[in-house]
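Have a look at the structure below before the remarks.
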Amino acid sequence: MRLNKFLSNSGVASRRKCDQIIAEGKVTVNGKVVTEMGLQINEKKDKIAVEGRAIALPSSFVYIKLHKPKGYACTAHDEKGRKTIFDLVKSEERLFSIGRLDYDTEGLILLTNDGDFANRVAHPRYHLEKEYQVTIEGEIKESELAVLRKGVVIDGERLPSAGVKFKSFDNGFTKLSVIIDEGQNHQVRRMFEAIGKPIKLLKRVRIGGVRLGGLARGAYKDLTEDELNALVKN
Ligand code: URA
């Protein structure tokens, strides 16, 4: 197996990022620094490490959906010492999340130890839809909905267009459904900030064909065969 493929399959990072890590001289094979991305390694015998940390292919694959509560970070080690989603999931495997949700966002997040699968699902080429429930204070005008749908312009740069549907207005709060197929940082929050309506509550309810469903906050379960197939069907 090629060194860059071995690293991405082990969940170190995407293939491109692994190439970069190798080029930066952070990877050793049997104790020697290697900068050749395509180097053939023997994954059963060779000892691979990234910045001194031993890397291994997972022995079996795990695919989980988690209802991330608000107030949890999506990193393995949060530099501010906050709780992370990995405090919620008990697994023998070294899991990582496919993409991230903001600390204050709740809802559906996928976890796995299968680097290839994660790279594929996260890749913009597959345009996997992500659906969010958005709550804002006050009402929203038809003209503002039109701006959100077309793609708001921030500092001369247009964010991707989005599917935006009004759902309800109740007790001074408007609920909307927002569907995007890219995952720029803080994309949904930035859209609403751009029209002067900061989000009060953001919840992801669907990724492609996988729904949050009735999963309780903080609960998780294995993806079904159908859900897995729906994620990689393209
Ligand atoms: N968009 C955001 O702004 N935040 C999230 O957590 C997810 C999408």
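The values are calculated or read from the model by the stated rules, or taken from the named source; none is laboratory data. Since we're looking at a predicted model, the values are computed, not measured. Cβ atoms come from the backbone with ideal geometry, glycine included; neighbour counts cover every protein chain shown.
Summary table below
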quantity	calculated
Scan of the range 53-71 for residues that are more than 15 Å from ARG204 (Cα to Cα) and either outside any strand (DSSP E or B) or of a type in the set (Val, Ile, Thr) (or both), ordered by number	ILE55, ALA56, LEU57, PRO58, SER59, SER60, PHE61, VAL62, ILE64
Residue in the range 215-222 that is exposed (fewer than 15 other Cβ atoms within 10 Å of the Cβ) and over 21 Å from TYR72 (Cα atoms) present	no
Which listed residue is on the phi > 0 side of the Ramachandran plot and in contact (Cβ under 8 Å) with a residue 24 or more places away in the chain, from GLY81, GLY115, GLY99	GLY99
Candidates ARG158, ARG217, filtered to the one that is touching a Lys or Arg at 6+ places or on another chain (Cβ under 9 Å), closer than 26 Å to VAL121 by Cβ, more than 14 Å from the ligand (Cβ to nearest atom) and not assigned by TED's automatic domain parsing to the domain that holds LEU101	ARG158
Residue match in the range 146-153 (condition: surrounded by 15 or more Cβ atoms within 10 Å (Cβ to Cβ), among the β-branched types (Val, Ile, Thr) and more than 16 Å from the ligand (Cβ to nearest atom))	yes
Within the range 174-208, considering residues that are touching a residue at least 40 places away in the same chain (Cβ under 8 Å) and assigned to a loop (DSSP other than H, G, I, E, B), the one nearest to the ligand (Cβ to nearest atom)	HIS186
Identity of the residue in the range 10-27, surrounded by fewer than 21 Cβ atoms within 10 Å (Cβ to Cβ) and polar (S, T, N, Q), that ends up nearest to PRO124 (Cα to Cα)	SER14
